[in-house]
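These notes concern the structure reproduced below.
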Amino acid sequence: MKTHILAFTLSIIVCFGARAELKWDKTEVELHPTPADKQAVGHFTYQNAGKEPVHFKSVHASCGCTTAQTQKDQVPPGEKGEITATFTIGDRTGTQVKTVTVETDDPANPKTVLTLRTIIPQQLEITPTFVFWKQGEKPDAKTITVKVGKEFTVNHIKVTSSSPDFQTKVEEAGKGEFKIDVQPKETNNLVASTLTIQPEDSQKVFYATARITNAPTVQ
Amino acid sequence: MTSSLVRQALILAALALLPGVGEAIYFRHKISWQSPIPPSELVTVAQAHVWGENVIWVDARPDEEFARDHVPGALSLNEDRWNELLPQFLAVWSPGRKIVVYCSSLSCNASREIAVRLRKEAQLPDVFVLEGGWEAWLKSK
């Protein structure tokens, strides 16, 4: 009976092994771009382990921010190649997971989903990025919290308001944290300001917005 | 005979379980990248129409798609140019207004990501994702 079980298990393993012709070294790639990088590029390598050529039917990325390119349309038996996935970082933050769906004429494995996981380093985490006062409201100061990312060291930040209608004051709260107090001079006029937040010795600039809004819309 | 069958079944079940356990251990720190949007954060085109002028439509698609066509009055806000576009959006927002974010279709994720950033980073209330996105809007016309 044990022989039967072993034979059954082995037959399943052999069947699965024989099915896949285009074998991928990895179907998930993790990338760690630097803060200066505009793009992150992942390489998904494969080999045709079967006896028939494999043709790519389509290669489709999950979002407009990612492009994917094949080196060739046809992969002869035994040949290796790669699909290059390029992710445009833009103003994205945190962990970004994008997929590339590859369709081939391999009947055993017609569709493969490749995953590109990009960990974008975040020098400063600003919360909230928007403070507002309703028109006529008491012009009390509101606080924006700035946390420094784990991999970074920032001892000072510089905050500039684009409008003289708002004043800002920076306080070091310790443990890689800063508090920015934002205060409007008055709240009678509908004015706004872009607050530019820049870590010392860094070219990278972060933004927050302060604004006096009109009264709530009643619906 | 029965005990032999049970033993075989248990052995097969254990064999089937092994890859699952292995995968669970290997992927233990890797959460699903796209959990479903809670129904309370979704809105249909019909519901959004009921809100009328109280809605700010936000187009989360890339610039080229927004330039081609968009919901009348919609503002472009995507993650390619978030820092540049967010102040333009905030200049229009006022308390009490509802925000409806859309991207291309049911399968796209951009509207969800923009909605999350508006809620978490800008701390705005009443942010919704349009069910079915731009495709649903076109069908409703």
Pick out, from the range A:122-210, the strands (runs of 3 or more DSSP E) lying fully within it that include 3 or more residues that are more than 14 Å from every other protein chain (Cβ to nearest Cβ) and buried (at least 17 other Cβ atoms within 10 Å of the Cβ). A:177-184
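Could you tell me which of the residues B:Val71, B:Val55, B:Val116 is away from chain A (no Cβ under 12 Å) and of a type in the set (Val, Ile, Thr)? Explain how you work it out, then say what you get.
On the way: B:Val55 fails: away from chain A (no Cβ under 12 Å); B:Val116 fails: away from chain A (no Cβ under 12 Å).
Checking each option against the conditions leaves just B:Val71.
Could you please find all residues in the range A:65-81 being β-branched (Val, Ile, Thr) and closer than 30 Å to B:Ala60 by Cβ? Please lay out each step first, then the result.
Going through the range A:65-81, the residues β-branched (Val, Ile, Thr) turn out to be A:66-67, A:70, A:75.
Selection gives A:Thr66, A:Thr67, A:Thr70.
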Taking B:Ala115, is it within 9 Å of the chain's Cα centre (by Cα), within 15 Å of B:Arg61 (Cα to Cα) and modelled with pLDDT under 95? no
Selected residue [within 13 Å of A:Ala208 (Cα to Cα) and of a type in the set (Phe, Trp, Tyr)] from A:Phe130, A:Phe178: A:Phe130
Kindly indicate the residue of the range B:125-141 that is over 15 Å from B:Arg61 (Cα atoms) and either under 13 Å from the mean Cα position of the chain (by Cα) or surrounded by 23 or more Cβ atoms within 10 Å (Cβ to Cβ) (or both) and also nearest to the other protein chains (Cβ to nearest Cβ) among those meeting that condition. B:Val127
Mind listing whichever residues of the range A:86-119 are surrounded by fewer than 18 Cβ atoms within 10 Å (Cβ to Cβ), of a type outside the set (Ser, Thr, Tyr) and more than 9 Å from chain B (Cβ to nearest Cβ)? A:Gly94, A:Glu103, A:Asp105, A:Pro107, A:Ala108, A:Asn109, A:Pro110, A:Lys111, A:Val113, A:Ile119
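The values are calculated or read from the model by the stated rules, or taken from the named source; none is laboratory data. What you see is a predicted model; the values in this text were computed from it and never measured. No Cβ is skipped: glycine too gets one built from the backbone with ideal geometry, and neighbour counts run over all protein chains shown.
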